[in-house]
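The values are calculated or read from the model by the stated rules, or taken from the named source; none is laboratory data. Since the structure is predicted, the reported quantities are computational estimates derived from the model, not experimental observations. Counting neighbours? That spans all protein chains shown, and the Cβs are built from the backbone with ideal geometry, glycine included. These area figures cover heavy atoms from the full protein model, side chains too; ligands, DNA and RNA do not enter into them. Shrake-Rupley method; radii C 1.70, N 1.55, O 1.52, S 1.80 Å.
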Amino acid sequence: QLQLVESGGGLVQAGGSLRLSCAASGFTFSRYPMGWFRQAPGKEREFVAAISWRGANTYYADSVKGRFTISKDNAKNTVYLQMNSLKPEDTAVYYCAATERGLVVVTSQGYDYWGQGTQVTVSS
């Protein structure tokens, strides 16, 4: 059974850092592009970052470019999101997702499997 489990969320002050992890099981992780999305209260889910199946290519939303880094460890079946210089507007539930399309996609509709999410709260 395919499963994605996020961890690493929490409360941090503005300017701080967090590293989110997403542990995958039940599928050939190394063959799947992965993405991170977030959803703040009252807002739609939005794209944050994505990475190709081998990890060679990465893509970021403009709002996080230069502050967040996505990485993929195929040996550990885990995708990470390193978040630096956090801002209050980064507060949201963060989700990892996997797509069967073989190519990186930046829309939530392009992803087939989702984790349960992890809360990130940035205080000012």
Revision key, fill the gap. Ratio for the stretch 1-75, C-alpha Rg to 2.2 N^0.38 Å, reads 1.18
Review point. What percent does the relative contact order of the chain come to when contacts are Cα pairs within less than 8 Å and at least six residues apart?
Key: 35
Check your understanding: Rank Glu100, Glu46 by accessible area, highest first, at a 1.4 Å probe radius?
Key -> Glu100, Glu46
Study note, to complete from the structure: tail above 20 Å in the computed P(r) of the stretch 39-124, as % of all Cα-Cα pairs, reads 32
Revision key, fill the gap. Rounded to the nearest Å, the spacing of the alpha-carbon centers of the stretch 10-49 and the stretch 56-86 is 9
Revision key, fill the gap. Asp62 and Asn74 label points (each 7 Å along its Cα→Cβ direction) are spaced in nm at 3.3
